[in-house]
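The values are calculated or read from the model by the stated rules, or taken from the named source; none is laboratory data. Note that the structure is a prediction, hence the values are computed from the model and not measured. FYI the Cβ positions are ideal-geometry reconstructions off the backbone, even for glycines, and counts take in every protein chain you see.
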Amino acid sequence: MIDLYTFKTPNGRKISVALEELGIPYNVKVVDITKGDQFKPEFLAINPNNKIPAIVDHAAPGGRPLALFESGAILLYLAEKTGALMPSDPRGKAEVTQWLMFQMGGVGPMLGQLTHFRNYAPTKVPYGIERFLSESKRILGVLDRQLASRDYLATTYSIADIATYPWLKGARDMHPDLFEGLHSLPQYLHRVGSRPAVQRGMQVP
Ligand SMILES: N[C@@H](CCC(=O)N[C@@H](CS)C(=O)NCC(=O)O)C(=O)O
């Protein structure tokens with residue numbers, strides 16, 4: 001059994017979607033980051049970086065429970081453990097890893113900062129808003145062009161799509177202007193969002 005420490009955010013939902021896709025049973029442990037649960041000693045013992053998501057796999061290889069944080073690392077672990085959602089050949093694996101890293105280092109941080117500066121910053125910082133708006137638009141353009149000739153980011157549906165979908169869905173709801181003039185991303189959102197496992201995972205917690 002896997003314990004999933006999560007909250008209703010895109011990073012948390014990557015893992016509930018993956019677990020739903022893989023059919024792995026899991027316990028949901030809600031960490032309410034709006035109330036400071038992420039700073040409680042019992043959570044810091046699992047993730048010293050005080051952020052969700054994190055997992056504890058009680059049936060990890062080696063016979064000891066494994067605590068893991070960083071959504072990308074968790075997705076890679078789950079794919080490796082199950083042999084699913086990631087091709088086994090080096091070329092296919094590299095392609096999925098590339099788009100996963102693009103999400104972890106680009107899509108998530110840029111959209112996250114845009115939401116912060118546009119919606120939550122206590123003072124309006126025009127430079128911050130402009131900077132993250134133009135980077136977010138550039139990054140969505142990269143994804144839109146990649147998806148012009150294919151259904152998924154890599155050759156087949158993978159953990160790269162699972163990492164990216166919750167962020168794109170959140171961005172479309174919060175910043176619809178980012179999607180103006182894009183053609184492939186709306187179809188991709190519909191394609192991935194129609195998967196029953198994605199719909200279940202996006203409801204957690
Ligand atoms: N790189 C991390 C980012 C995790 C992250 O930023 N989590 C946010 C919610 S989406 C969080 O827990 N924030 C609480 C805090 O910073 O105190 C990952 O992908 O797991």
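Things worth noting here:
- When the residues of segment 136-165 are filtered to those that are of a type in the set (V, I, T) and either over 15 Å from the mean Cα position of the chain (by Cα) or not assigned by TED's automatic domain parsing to the domain that holds E95 (or both), the one that is surrounded by the most Cβ atoms within 10 Å (Cβ to Cβ) is I139.
- If you go through segment 47-83 and pick out every residue that is surrounded by 17 or more Cβ atoms within 10 Å (Cβ to Cβ) and part of a loop (DSSP other than H, G, I, E, B), you end up with 4.
- Pair list, Cβ < 6 Å and 6+ apart or interchain, from segment 49-66 residues that are closer than 13 Å to V30 by Cα and within 7 Å of the ligand (Cβ to nearest atom) to residues that are among the aromatic types (F, W, Y) and part of a loop (DSSP other than H, G, I, E, B): I52/F7
- Some residue of segment 91-111 being farther than 30 Å from D173 by Cα and either among the small types (G, A, S) or within 13 Å of the ligand (Cβ to nearest atom) (or both): yes
- Output for segment 84-102, where each listed residue is surrounded by 19 or more Cβ atoms within 10 Å (Cβ to Cβ) and either in a loop (DSSP other than H, G, I, E, B) or aromatic (F, W, Y) (or both): L85, M86, W99, F102
- Residue in segment 118-135 that is farther than 18 Å from I24 by Cα, buried (at least 19 other Cβ atoms within 10 Å of the Cβ) and at pLDDT 95 or above present: yes
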